[in-house]
Structure formats: C-alpha cells, structure tokens
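Below you'll find the structure, written out as structure tokens, and then a few comments.
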Amino acid sequence: DYKGQKLAEQIFQGIILVSAIIGFIYGYITEQFGWTVYIVMAGFALSCLLTLPPWPMYRRNPLKWLPVQESGAEEKKPADRKPKRHAKS
C-alpha cells in the first residue's frame, strides 16, 4: 500500500541521515574516516533490515482491486465471428 511505502521510505531516509551525522561527528572526533564509513554502512544495513522485508506495519492499508472480468473473445459464439479475409496477391 502507498502509506506503507511512504513510511518505509521515511524510516529508511531517517536512519541513513542519523547514521551519517553520528558517523561524521565520531569520525571527526577520532580523526578516522574509516569509522565514519563503518557507521554509515551499519546504518544502511539496519535501514535495509527494517524496510525491505514486507513487515506487517507496512501492510495496514491494502489496495482494493477490481474483480476479475471475463475476456470478450470467449463470450462470442463461433457463428458470430466475422470470417477472415485474405489479402489479394
């Protein structure tokens, strides 16, 4: 559903943003760029774990689909069909 997709996107972006800020601050304090990358990658992994599987919290508002309709070709009788015309050579 669309509300679940919006929620998943907001959670994903929020976790990435927070982990990037924390990673930058920690990397700046320790003067190690590697820690910044590790923290951002951990945030990415956490956000993927929380948003990629179809958790029930994302399926609260399912879409209502139209009922299946029969195809029109099956309803016509063979006598009702127009005969095929072949192109002249």
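The values are calculated or read from the model by the stated rules, or taken from the named source; none is laboratory data. These numbers were taken from a predicted model, which means no experiment stands behind them. Neighbour counts run over all protein chains shown; Cβ positions are idealised from the backbone, glycine included.
Structural remarks
- Some residue of region 24-45 being in a helix (DSSP H, G or I), surrounded by 14 or more Cβ atoms within 10 Å (Cβ to Cβ), without any contact (Cβ under 8 Å) to a residue 24 or more places away in the chain and of a type in the set (A, V, I, L, M): yes
- Among the candidates Pro53, Pro62, residue that is loosely packed, with under 12 Cβ neighbours inside 10 Å, touching a residue at least 40 places away in the same chain (Cβ under 8 Å) and either in contact with a strand residue (DSSP E or B) (Cβ under 9 Å, 6 or more places away or on another chain) or not in a helix (DSSP H, G or I) (or both): Pro62
- Yes/no for Ile39 being in contact with a helix residue (DSSP H, G or I) (Cβ under 9 Å, 6 or more places away or on another chain), modelled with pLDDT of 95 or more and farther than 30 Å from Asp1 by Cα: yes
- Test: Leu63 is modelled with pLDDT of 95 or more and aliphatic (A, V, I, L, M): no
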